[in-house]
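A short reminder: the numbers here are calculations on the coordinates, not readings from a lab. Everything numeric here is computed off the predicted structure, so don't read it as measured data. For neighbour counting, all protein chains shown are included, and Cβ atoms are generated from backbone atoms with ideal geometry for every residue, glycine included.
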Amino acid sequence: MRHLLSAKDLSHDEAVLILDTAAQMAATQAREIKKLPTLRGRTVVNLFFEDSTRTRISFETAAKRLSADVLNFSAKGSSVSKGESLKDTAQTLQAMGADAVVVRHQSSGAPHRLAYAGWIDCPVVNAGDGTHQHPTQSLLDAFTIRRHLAGGTGDLAGLHVAIVGDVLHSRVARSNVDLLTTLGARVTLVAPPTLLPVGVEAWPAAISYHLDEALADGPDAVMMLRVQRERMSSAGGGFFPSGQEYSRLYGLDQRRLDTLADHAIVMHPGPMNRGLEISADAADSPRSVVVEQVANGVAVRMAVLYLLLAGAQAPAVADDEMKVLA
Amino acid sequence: MSPEMRAPDGEAAEVLGPPEIGRALTRIAHEILERNKGAEGLVVLGIPTRGLPLARRLAANLAAVEPGVDADKITGSLDVTMYRDDLAHHPTRTIGATLVPPDGVDGKVVVLVDDVLYSGRTIRAALDAISDLGRPRAVQLAVLVDRGHRELPIRADYVGKNLPTASTERVRVLLAETDGRDGVLIEGPTGEGR
């Protein structure tokens with residue numbers, strides 16, 4: 001694993017390794033001294049062309065907990081607003097000695113371009129690109145599901161996850177469909193037809209237009225997606241008649257919450273539109289793991305940075321040779 | 001974890017067998033009790049992979065000799081991977097578990113347990129890892145084999161066997177828990193190793 005660009009690139013074993021590493025990282029975060037010396041002297045650049053609160057802070061926290069230096073770069077207030085290209089920005093970062101670049105970009109595929117165009121020579125982590133992928137979000141979701149419903153080890157075989165809402169604009173949904181099915185879970189996408197992308201029937205997921213029917217199927221985890229109004233024109237932009245109607249048909253409220261199985265958990269990648277896709281009752285219920293998802297995000301990103309950055313930049317060596325060196 | 005490709009016979013010489021390993025661990029347990037005047041405040045931390053079963057055996061020996069000692073309550077594991085100084089020179093290592101007894105290490109006497117003491121770098125990493133967990137009253141080191149060639153000013157308090165070796169040789173510790181049988185082997189120069 002040289003870069004982390006898409007959840008689809010991860011094999012079953014790689015995904016489980018990341019989750020296992022994240023579990024060890026999470027254990028260190030319960031200590032009084034949370035900082036580890038592992039990446040001392042390395043520099044991680046957060047390159048954010050799109051607004052973000054929790055993902056940027058989460059990556060920054062993860063890097064700092066591993067003792068890496070962090071450079072934050074956001075498009076606002078930088079030379080990008082003067083028209084600097086991605087290539088020139090990347091080469092500037094390379095010249096400053098970046099050891100890893102965490103990139104968020106409004107265009108799908110920008111992290112891939114950055115990783116393979118030959119502009120820079122370090123691992124690239126995708127922190128969300130357009131409506132394409134957000135692999136660390138899906139890893140933290142899988143980690144949270146595994147901790148609550150699979151005993152905290154192995155994969156997610158046999159579990160059923162419902163992903164509800166604005167699938168069309170959601171890179172979180174795409175990454176989760178890829179990763180959760182790789183880990184053996186069954187995924188059902190629930191959305192109005194207008195908020196499903198063309199070609200969704202080819203995804204390895206079932207599709208439902210009715211939330212109540214999907215919940216009657218007994219999902220183990222319900223993942224609510226944010227309605228991404230900034231990617232629509234005003235007031236739903238023709239994707240649905242009104243917020244009230246969307247909320248009635250696809251919102252998670254107390255009544256729907258009561259129909260869930262006892263062990264089922266409620267997830268949301270944040271930021272939440274309370275009263276639209278999720279009611280305050282549901283967001284604050286004991287089933288809601290939204291806050292825990294944020295905490296797990298730090299552990300998962302520590303694991304990703306460790307696995308990409310800590311070892312020698314060489315092809316993997318067989319297990320028994322590592323023991324000789326130990 | 002994978003079984004070794006090379007057969008252990010031929011150039012490998014067995015220097016310790018199961019009875020010798022058992023006797024060494026019994027003696028070390030007595031030395032620990034003698035030095036610390038009992039088992040009060042002792043915490044035994046094994047360094048994965050093979051330090052961990054050794055720590056468990058040592059704690060069981062302590063419990064067998066000293067009344068009122070619960071082996072499970074004083075044993076733990078200490079993973080030092082994230083504190084190593086050579087991470088950038090090797091392929092990415094898998095991180096092991098760190099499990100400290102519920103009472104923690106503050107004010108305790110921590111006995112670190114590892115299989116082979118060689119350069120001393122693992123122990124340096126372990127000392128850093130411990131200081132992030134708390135402040136023990138003292139840290140002592142028990143190893144099954146001391147093979148020399150230290151690169152740091154570190155020595156063991158309890159040694160199962162001092163084994164003079166050439167740095168081209170390779171010392172291999174086998175334990176029933178991880179390898180199916182007990183034994184310490186010396187293998188001739190193979191070109192690998194450090």
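Any idea what % of Cα-Cα pairs in chain A are farther than 26 Å? Could you put the intermediate results ahead of the total?
On the way: 25240 of 52975 pairs.
Percent of Cα pairs beyond 26 Å in chain A: 48.
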Completion exercise
With -39,500 (n - 2.57) per DSSP H segment of 4 or more residues and division by the full residue count of the protein assembly as shown, the 222 nm estimate, nearest 500 deg cm²/dmol, is -10000 deg cm²/dmol
Problem - FRET efficiency, A:TYR209 to A:LYS35 (Cβ-Cβ, R0 41 Å, nearest 0.05) - result: 0.25
Handout entry: Per-pair calculated FRET efficiency, R0 = 22 Å: B:ASP86 and A:ASP121 via Cβ, rounded to 0.05
Key = 0.50
Problem - Loop-located trypsin sites (Lys or Arg not before Pro) in segment A:34-84 whose Cβ has at most 10 other Cβ within 10 Å (DSSP) - result: A:LYS76
Problem - Backbone HN-Hα couplings from phi across segment A:166-181 [Karplus 6.51/-1.76/1.60, Hz, Gly and Pro as x] - result: 6, 5, 3, 9, 9, 6, 5, 5, 4, 5, 5, 4, 5, 6, 5, 6
Completion exercise
Distance in nm between B:GLU40 and B:SER167 label points, each 7 Å along Cα→Cβ, equals 4.5
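Quick one: in segment A:147-203, what % of C-alpha pairs are over 19 Å apart? Numbers along the way, then the final one.
Values: 474 of 1596 pairs.
Across segment A:147-203, Cα pairs with separations above 19 Å total 30 percent.
Dividing the alpha-carbon Rg of segment A:135-293 by 2.2 N^0.38 Å yields what?
Numbers: Rg = 14.4 Å, N = 159, 2.2 N^0.38 = 15.1 Å.
The value comes to 0.95.
Quick check of the Kirkwood formula: for segment B:14-187, what is the inverse mean of 1/r over all pairs of different Cα atoms, in Å?
Working: mean 1/r = 0.0613 Å⁻¹.
Mean inverse Cα-Cα distance, inverted, gives 16.3 Å.
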Exercise for the section: Estimate the FRET efficiency between B:HIS30 and B:GLU177 by the formula 1/(1 + (r/R0)^6), using the beta-carbon distance for r and 22 Å for R0, to the nearest 0.05. Expected result: 0.50
